[in-house]
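Following: one structure in structure tokens, then a few remarks.
The values are calculated or read from the model by the stated rules, or taken from the named source; none is laboratory data. As the structure is a computational prediction, the values presented were derived from the model and not from experiment. Every residue, glycine as well, gets a Cβ built from its backbone with ideal geometry; the counts of neighbours run over all protein chains shown.
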Amino acid sequence: MGFVGATILPHGAMIFDGDPNSDSSACRERNSTMPPDLIKDCSVLYSSCERAADFVAEMSPEVVLLVTPHGISLSSGALGVYITNAACGNALWNDTWQDIEVSVPLDAQLSDQLLDFVQKQGLKADGIVTFSMMEAPLRWGEVVPLWFVKRKVDLDKVKYMVLSVGRQREGFEVIGKTLHDFASTLHQRVVVVISGDLAHTHKMAYDIPLYLPGIYNFVILLGRAGGGRGRSQRPVSSPLTLSSRSHPSLLP
């Protein structure tokens with residue numbers, strides 16, 4: 001069957017604070033003390049991520065291929081394919097959200113096939129192998145999207161692959177075409193999940209340090225030291241989904 005769909009999910013850990021009924025008492029507490037507008041924005045983002053995960057589940061995947069910009073990166077600029085049997089970690093960011101955890105089974109054999117295919121296409125890639133095939137470490141860039149997806153899919157049927165592109169030099173169009181071509185050689189139903197930033201190029205509507213990337217914390221501190229405040233513009237971020245049902249041309 002091969003490629004059946006794709007979605008982009010943001011990986012900002014603040015998303016979890018958008019659920020007033022979270023299993024995490026810390027997330028519930030932060031939700032209850034947020035400014036009203038921020039509660040609304042976080043809740044919308046949380047709901048959007050749930051809908052994107054619903055979309056993934058509707059595709060009945062057997063393999064979820066996660067593409068992450070914040071995984072283990074190779075200094076050579078090569079793509080990194082996680083080759084081990086499992087991965088686990090938490091969403092730790094700014095000393096918070098470490099209580100949000102994920103553990104997923106990886107398909108080491110299929111990951112090895114992906115690495116071989118990518119290399120034969122002329123792309124620079126290497127495998128990332130853990131000691132004695134122990135769990136590969138995950139952080140917020142992987143945990144946030146996987147947390148939403150894992151809650152929706154059939155746990156008994158789905159295995160995962162992880163591709164790290166943090167230092168890649170190939171270009172995303174080339175990588176995307178290569179992943180599509182690889183998926184098209186498989187009999188399993190493959191959904192690609194792309195982990196994305198919450199638009200770091202946008203000005204922020206809120207200057208709460210916990211919810212800002214490190215660079216924005218620094219800018220705000222500079223602005224306060226100078227007696228000013230940065231301009232604000234609410235970031236727009238909504239998960240994007242794409243399926244072979246709505247776009248039949250995606251299938252060979």
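Condition check ((1) surrounded by 23 or more Cβ atoms within 10 Å (Cβ to Cβ); (2) in contact with a strand residue (DSSP E or B) (Cβ under 8 Å, 6 or more places away or on another chain)) across all residues:
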site: A26; (1), (2): no, yes
site: E29; (1), (2): no, no
site: K40; (1), (2): no, no
site: S60; (1), (2): no, yes
site: V64; (1), (2): yes, yes
site: G71; (1), (2): yes, yes
site: S75; (1), (2): no, no
site: T84; (1), (2): no, yes
site: C88; (1), (2): no, yes
Flag if L79 is at pLDDT below 95 and more than 29 Å from A183 (Cβ to Cβ):
no
Taking into account only those residues within segment 1-33 that are farther than 17 Å from I100 by Cβ and not in a helix (DSSP H, G or I), which is farthest from the chain's Cα centre (by Cα)?
M1
Being exposed (fewer than 14 other Cβ atoms within 10 Å of the Cβ) and not aliphatic (A, V, I, L, M) narrows it down to one residue among S132, S111, S184; which is it?
S132
Condition first: in contact (Cβ under 8 Å) with a residue 60 or more places away in the chain, in a loop (DSSP other than H, G, I, E, B), under 20 Å from M133 (Cα atoms) and in contact with a helix residue (DSSP H, G or I) (Cβ under 7 Å, 6 or more places away or on another chain). Now tell me which residues in segment 66-84 satisfy that.
G71
Matching residues in segment 151-173 - criterion: being loosely packed, with under 14 Cβ neighbours inside 10 Å and farther than 16 Å from G2 by Cα
R151, D154, L155, D156, R169, G171, F172, E173
Within segment 109-135, the residues that are without any contact (Cβ under 8 Å) to a residue 60 or more places away in the chain, of a type in the set (A, V, I, L, M) and part of a helix (DSSP H, G or I) are L115, M133
Name the strands (runs of 3 or more DSSP E) wholly inside segment 136-252 in which the number of residues that are over 17 Å from G80 (Cα atoms) and at pLDDT 60 or above is 2 or more.
189-196
